[in-house]
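Single-structure report; data block below.
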There are 2 protein chains.
Amino acid sequence: MADRGSYAKGVVRREEILTAALDVFSREGYRGTSLRDIAKQVGVSLPGLMHYFDSKEHLLTAILQKRDQVDGDAHPADGDFLDGLLAIMRHNRDVPGLVQLYITLAAAAEDPSHPAHSFFIERFAFVRLALAAVVRDRQAAGTARADLDPEHVARVLIAVADGIQIQWALDRTVDMAGDIERLWDAISR
Amino acid sequence: MADRGSYAKGVVRREEILTAALDVFSREGYRGTSLRDIAKQVGVSLPGLMHYFDSKEHLLTAILQKRDQVDGDAHPADGDFLDGLLAIMRHNRDVPGLVQLYITLAAAAEDPSHPAHSFFIERFAFVRLALAAVVRDRQAAGTARADLDPEHVARVLIAVADGIQIQWALDRTVDMAGDIERLWDAISR
DNA sequence: GTCTATAAGTCGATAGAC
DNA sequence: GTCTATCGACTTATAGAC
């Protein structure tokens, strides 16, 4: 019974730390920042930080999960899932640190023992399903060519979104959302 | 005069080390391998390795440059540049370590002080130019729609190539070259 | 020019006091 | 639950033999 209180407190504290860490990475960027720096900026000691996260990799993975959750809430689907993805890509211009963190962790997640491994696999599966549904809906509505393969288009849209972030990170004049929109126009007409 | 010999020797030794390192990464993969491990597998001491490369980041960048050079020689353009890119993507299935190294370094290269920063900027500029030329050539030959924007298509093809490697790293059943070919078919017809 | 030997400084991670 | 203190491993650097 009484344990409930402390357990809830722990969860709340963890969420506070996660929100603060997400804020730090959004503003200041990720350049191989050490756990000591993160702890300092978040306002806890290093062991205090590691009390809530098993390792640095676990913390970074949790930050990306938190980002997805926040983005999902902040950009509700006024249109369909593809419109939502474009809105998030436009928002990404304001958080270069999260873009770099995402690409870096996606590469590291190849290792099956990496904490982000299953996160990325499930994330790609979910987004692929949602985008394939968009293609089918738009085909039914007559706003997309009928001979498009929804699964293939979905996979390619994800690849473009990820790849264009790499190019944008190196050249901030790249129009990430615009390039994706133009690709959709080219394949759907 | 006599300096020539020793200078050339140094360059040769550096190339030997680079070739050995490229071979190690191709076979064994890159999972944050330490410089000591690389030195041991290449057959030199740690300071012996650092005599030829200023830092770990410089070494990894040099490995990617060497990879591009080797790939360029191994896959001469029997077709045009896009055909060559597809051949390299098919070859990439055999070198997962290099794929992971490429993505990881591309993300880290966002930092202007990173040794790979200018390498990636110049690499993207070169490939974009070459792919845009392919689009124009195929348009002239009548095998691509005339209303395609060559620069935009080039940028998108690079993004798909990079992004699809991330998905393949997490799921080896992904057909990297096939997905790019199908995208080209969809936008060029 | 090339190597062996060694050390400085920092990292992620942990042990144990309170 | 949060701290001080500390560990081993890492990148990086230097001194000096050949």
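Tabulated results
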{"read-out": "The range A:61-104 - convex hull of alpha carbons, volume per residue in Å³", "value": "67"}
{"read-out": "GNM flexibility winner over chain A from A:L170, A:L105, A:L157 (Cα, springs under 10 Å)", "value": "A:L170"}
{"read-out": "DSSP-loop trypsin sites (Lys or Arg not before Pro) across the range B:1-106, with at most 16 other Cβ within 10 angstrom", "value": "B:R31, B:R93"}
{"read-out": "Selected from B:I164, B:I17, B:I121 as most flexible by GNM, with chain B as the system and alpha-carbon contacts under 10 Å", "value": "B:I121"}
{"read-out": "Taking the range B:91-170 and dividing mean pair separation by its residue count, relative contact order in percent (alpha carbons under 8 Å, at least six apart)", "value": "29"}
{"read-out": "3J(HN,Hα) from dihedral phi, the range A:15-22, Karplus parametrisation 6.51/-1.76/1.60, rounded to Hz, x for glycine, proline", "value": "5, 4, 4, 5, 5, 5, 5, 4"}
{"read-out": "Convex hull (Cα only) mean projected area of the range B:31-80, reported in nm² to one decimal", "value": "4.5"}
{"read-out": "The range B:1-112 - Kirkwood radius from inverse mean 1/r over Cα pairs (Å)", "value": "15.3"}
{"read-out": "Alpha-carbon centroid distance for the pair the range B:115-174 / the range B:34-66, whole angstrom", "value": "30"}
{"read-out": "Fraction of alpha-carbon pairs over 25 Å apart in chain A - percent", "value": "43"}
{"read-out": "Proportion of all alpha-carbon pairs of the protein assembly as shown beyond 29 Å (%)", "value": "47"}
{"read-out": "Theoretical ellipticity at 222 nm over chain A - DSSP helices of four or more residues, -39500 (n - 2.57) apiece, nearest 500", "value": "-25500 deg cm²/dmol"}
{"read-out": "Between 0 and 90°, nearest 10: helix A:116-141 axis offset from chain A longest Cα axis", "value": "30"}
{"read-out": "Entries of A:K40/A:K66; A:K66/B:K66; A:K66/B:K40; B:K40/B:K66 with Cα pairs more than 31 Å apart", "value": "A:K66/B:K66; A:K66/B:K40"}
{"read-out": "Equivalent ellipsoid dimensions for the range A:127-189 as semi-axes, Å, which come from the Cα gyration tensor, largest first", "value": "24, 12, 8"}
{"read-out": "Anchor B:K56: aspartates and glutamates whose Cα lies under 18 Å away (excluding residues fewer than 8 positions away in-chain)", "value": "B:E15, B:E16, B:D23, B:E28, B:D37, B:E110, B:D111"}
{"read-out": "HN-Hα J in Hz across the range A:61-68 - Karplus 6.51, -1.76, 1.60, θ = phi - 60°, x for Gly and Pro", "value": "4, 4, 5, 5, 5, 4, 4, 4"}
{"read-out": "Taking B:H51, B:H152 and counting other C-beta atoms within 10 Å, the order from fewest to most", "value": "B:H51, B:H152"}
{"read-out": "For chain B, built as a Gaussian network whose Cα springs stay under 10 Å, the top-fluctuating residue of B:Q165, B:Q41, B:Q65", "value": "B:Q41"}
{"read-out": "Isotropically averaged projected area of the range A:84-189, using the convex hull of Cα atoms (one quarter of hull area), nm²", "value": "6.8"}
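Every read-out reported here was derived from the displayed coordinates using simple, explicitly stated rules and does not represent laboratory data. Source: prediction; values computed, not measured. Cβ coordinates were reconstructed from backbone atoms using ideal geometry, including for glycine residues, and neighbour counts include every protein chain displayed.
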